[in-house]
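Data block below; observations after.
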Amino acid sequence: MTIDTATREFERWLSRFIELDSADLRYKHTQMMQDFFRFFRGTYYRWALVWAEKCPEAANAPHILGVGDLHVENFGTWRDAHGRLVWGVNDFDEAYTLPYTNDLIRLAVSGIIAVRSTGLRTKPRELCDLILAGYRLALSEGGRPFVLEEEHPTLRALAMSRLREPAVFWRKFKQNLGSRPTTENGPPLRLIKENWPVAANSTPPPLHRRRNIGMGSLGKPRFVAVGQHAGGWLAREVKAITPSACAWASGADDANVRYQDILSAAVRCPDPFAKPCDGWLVRRLAPDCCRIDLATLEEVDDEAHLLRAMGWETANIHLKAAGNAQRILSDLKKRPKNWLRDAAKTMYHASRADWKAWRGARGR
């Protein structure tokens, strides 16, 4: 199946669950043509379809509830119920039962793309080793969330230096809303009302449809409300969540959404504002909900620190049940020394070939 056919078939399947936004899909297809990393992020359905065939030895591994679409931009910060700054994986739209190797390989490929497109100094070989070192260590020690207080001064410094200045953040956020609120009057509006602070004589602000946000979820309905409360700005987003593309790729009759399952199972300090509900996710948006961009790091030691942390956090997600750590560690011991590098190289070239085919079909 070609990338064009896979895209049409997947979008047809996805339309069974939600009403897709055709304008957003056209924008997504254009972005996929212009940039390899955006193509990679926007085509997890293709990865789900081919990766086990391309990497059969790596795919022969213990199954866990995995992230699925894991990549270097799928990590960010939030505040936990105690107001502490936490860092970790922040998107589980494609959560599914998978070989644990899927998440590691996809994370490594995304890092290699970042190395080759943004000038990171970490070499692909080192990148894979750093991710795997953090992953192994977390498995051995039982995992631990990244609360960016006393124990993670380096990661906290990186996160705090990237937190967006509030006045600038809110000015740009409001400018990007557009001038016309949506007439949506279904679950998104209800969820905004249920998750907006209660105050005397106050009502939630109107909903706006968000466009051109993300890549993997482009085309799915997404709404936001922003307004002032008690002297400061607040924003809540509601976006549609659908069954994982893995269900489509495997031909499974599986309409289950596993977002809450993976949140509940992970070693984690949860975001109290991130709430999956009946096919929708409501969450808080704010200047301190941001990611640390690998491309902006100034020191190679910072790159290494962040990559090891990404490996550790991946293990935090995989440690969902008693026995997982030992099963995975035992499997890792049996694997060749360079298995992750080899599998990541294979999938990098497969993904790049698909990108070239996508561009070629559009005259680029």
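Below is a table of values for the structure above.
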item	result
Any hit, the stretch 103-112, residues being touching a Leu at 6+ places or on another chain (Cβ under 9 Å), over 21 Å from G68 (Cα atoms), assigned to a helix (DSSP H, G or I) and β-branched (V, I, T)	no
All positions within the stretch 180-225 that are within 29 Å of F10 (Cα to Cα) and of a type in the set (V, I, T)	T182, T183, I213, V224
Residue identified as closer than 16 Å to G68 by Cβ, among the hydrophobic types (A, V, I, L, M, F, W, C) and at pLDDT 90 or above among L263, L307, L332	L263
Selection status of N324, of a type outside the set (A, V, I, L, M), touching a His at 6+ places or on another chain (Cβ under 8 Å) and buried (at least 18 other Cβ atoms within 10 Å of the Cβ)	yes
Candidate set from the stretch 1-17 (those that are of a type in the set (F, W, Y) and surrounded by fewer than 19 Cβ atoms within 10 Å (Cβ to Cβ)); member that is modelled with the highest pLDDT	W13
Residue check, P181 exposed (fewer than 15 other Cβ atoms within 10 Å of the Cβ) and touching a residue at least 24 places away in the same chain (Cβ under 8 Å)	yes
Hits in the stretch 5-40 - residues which are in contact with a helix residue (DSSP H, G or I) (Cβ under 9 Å, 6 or more places away or on another chain), more than 19 Å from P221 (Cβ to Cβ) and of a type in the set (K, R)	R38
Which listed residue, of E150, E126, is over 30 Å from W280 (Cβ atoms), assigned to a loop (DSSP other than H, G, I, E, B) and of a type outside the set (G, A, S)	E150
Filtered residues of the stretch 220-249 (kept if farther than 20 Å from P188 by Cβ and either touching a residue at least 12 places away in the same chain (Cβ under 8 Å) or charged (D, E, K, R) (or both))	A230, S244, A245, C246, A247, W248, A249
Failed item, numbered, when D69 is tested on (1) part of a helix (DSSP H, G or I); (2) at pLDDT 95 or above; (3) of a type outside the set (S, T, Y)	(1)
Close pairs (6 angstrom Cβ cut-off, 6 or more residues apart or separate chains): farther than 18 Å from P204 by Cβ in the stretch 269-285, crowded, with 19+ Cβ neighbours inside 10 Å and aliphatic (A, V, I, L, M) anywhere	C269/V86
Meets criteria (touching a Leu at 6+ places or on another chain (Cβ under 6 Å) and surrounded by 15 or more Cβ atoms within 10 Å (Cβ to Cβ)) for L148	yes
Positions within the stretch 44-66 being out of contact with any helix residue (DSSP H, G or I) (no Cβ under 7 Å at 6 or more places or on another chain) and in a loop (DSSP other than H, G, I, E, B), in sequence order	N60
Residue in the stretch 101-115 that is crowded, with 20+ Cβ neighbours inside 10 Å and in contact with a strand residue (DSSP E or B) (Cβ under 8 Å, 6 or more places away or on another chain) present	yes
Test result for L281, more than 30 Å from W233 (Cβ to Cβ), surrounded by 18 or more Cβ atoms within 10 Å (Cβ to Cβ) and not polar (S, T, N, Q)	no
Selection from the stretch 104-126 of residues that are at pLDDT 90 or above, under 19 Å from the mean Cα position of the chain (by Cα) and farther than 15 Å from E313 by Cβ	I105, V109, I112, I113
Test: residue in the stretch 257-277 that is within 29 Å of K320 (Cα to Cα), in a strand (DSSP E or B), of a type outside the set (A, V, I, L, M) and more than 18 Å from the chain's Cα centre (by Cα)	yes
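Residue-wise test of (1) within 19 Å of Y259 (Cα to Cα); (2) surrounded by fewer than 17 Cβ atoms within 10 Å (Cβ to Cβ); (3) among the β-branched types (V, I, T).
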{"site": "E19", "(1), (2), (3)": "no, yes, no"}
{"site": "D24", "(1), (2), (3)": "no, no, no"}
{"site": "R38", "(1), (2), (3)": "no, no, no"}
{"site": "Y44", "(1), (2), (3)": "yes, no, no"}
{"site": "L49", "(1), (2), (3)": "no, no, no"}
{"site": "C55", "(1), (2), (3)": "no, no, no"}
{"site": "H63", "(1), (2), (3)": "yes, yes, no"}
{"site": "W78", "(1), (2), (3)": "yes, no, no"}
{"site": "G83", "(1), (2), (3)": "no, yes, no"}
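The values are calculated or read from the model by the stated rules, or taken from the named source; none is laboratory data. The structure displayed is predicted, hence computed values, not measured ones. Glycine also receives a Cβ, built like all others from the backbone with ideal geometry; neighbour counts cover every protein chain displayed.
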